[in-house]
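Shown next, in C-alpha cells, is the structure this report addresses.
No value in this document is a laboratory result; all are computed from the given coordinates. Only a predicted model underlies this, so the values are computations on that prediction, with no experimental measurement involved. Glycine gets a Cβ as well: all are built from the backbone with ideal geometry, and neighbour counts include every protein chain shown.
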Amino acid sequence: MNEQEFAELAAGAAMNALTPDDERRFRDALVAHPEWRAIAEADIETAEMLSLSTVPETPPAGIRAALLAQIAVTPQGEVPAAPAAPAQELPRVDPVSSISAPRRWSRAVFALAACLAVLVGVGIGAVALNQQLNRPTSVVALQEIQSAPDAQKATVELADGGTATAHWSASAGAAVLVTDGIPAPADGKSYELWFVRGETAVPAGVFAVEDGRATAALEGDMHAGDVIAVTVEQAGGSPTGTPTSDPFIVIPTA
C-alpha cells in the first residue's frame, strides 16, 4: 500500500465509511507505517470540525451547486467494462484501479465538505463581525457608560405605564436614554432630547421608537446636575432650538 491509498482509507475511516476489509487494511497500514498517522489524525480533526460546524444556517447556493457538480463528475467506483479481447486472452483488470476509485470519490467529497464547512463558518463569523462593527452609536455609548467606574442611572415611570432610564458617566463623556413601553410619535412629529440646566434647555437630538423601545445617545456635553427631558416636536426637532411643548419625560440626575 502506498501513501495515497492510505490517505483514501483514512478519509473513509474518519467518516466511519470503511468496509470491514478496508478497516483491517487501514489499521494494518497504521502499524506498518506509523509516519502516516498524521494523515489519519488530520482527517479525524476535519470530520470533527464538520460535525461541530453544523448550524441552522443555509450555505450560499453557489457553494452547494459547486459541491453537487463536483460529485456528479467524480468517478464513483464503477469500473468500465474491459474492451473485447481475443478468446485465448483473459481481460486484464488493474486491482488497484478497481478498488481505489470509490475511495478517491470519498476523499473528494470529504475535502469538498471540509471546504464548505470552513466557508460557512467564515460566513457566519463575517456576519457576527459585521454586526459587531456596525452597532448603533447609542448601543456603543451605553456599553461604554455601563463599563465606566462612575456609571450612574436613574429611572422614572411614565403616565402611560412605560419607563425611561437615563444612563450617564462623566469619565465616558456620554449620556444615553433607554425607553420601554412608549408609543411612536404621531406622523410629522419627533421626540426631542434636552439637557435642562436651570431655566435653559439645550437640544440633544431626536430619536425614533421601534416596538415601544428606544435607545438614544444624547448629543453634546452633559453637565453635572443636568435634567434629561424629552418633548414632542415637529419632525426633525424644534425649529427654534427651544422646546415647544411640555416634556413628558423628566429625569433628574442630581
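Worth pointing out:
- Note that the stretch 35-45 has calculated 3J(HN,Hα) couplings of 5, 8, 4, 4, 5, 5, 5, 5, 5, 5, 4 Hz, one per residue in order, obtained from phi through the Karplus relation 6.51 cos²θ - 1.76 cosθ + 1.60 (θ = phi - 60°); glycine and proline are x.
- Scanning residues 5 or more positions from ILE249 or on other chains, those with amide H under 5 Å from its amide H are VAL230, with H placed 1.01 Å from N in the peptide plane.
- Using a Förster distance of 30 Å, the FRET efficiency for GLN146-ASP221 (Cβ separation, nearest 0.05): 0.95
- Cβ charges +1 (Lys, Arg) and -1 (Asp, Glu), total dipole of the stretch 197-246, debye: 20 debye
- Mean-position separation - Cα centroids, the stretch 192-223 and the stretch 231-254, in angstrom: 8 Å
- With contacts taken as Cα pairs under 8 Å at a separation of at least 6 residues, the stretch 147-252 carries a relative contact order of 26 percent.
- Spin-label model distance (nm) - GLU157 vs ARG197, 7 Å beyond Cα toward Cβ: 3.3 nm
- Two-site label geometry, ASN16 and ILE44: point separation in nm, points 7 Å out along Cα→Cβ: 1.5 nm
- Residues whose placed amide H lies under 5 Å from that of LEU158, excluding near-sequence neighbours: THR163, ALA164
- Built amide H within the under 5 Å cut-off of SER190, gap 5+: GLU233, GLN234, ALA235, GLY236, GLY237
- The phi-based Karplus calculation (6.51 cos²θ - 1.76 cosθ + 1.60; θ = phi - 60°) puts the 3J(HN,Hα) values of the stretch 193-206 at 8, 9, 9, 9, 10, x, 9, 10, 10, 9, x, 10, x, 10 Hz, whole numbers, x for Gly and Pro.
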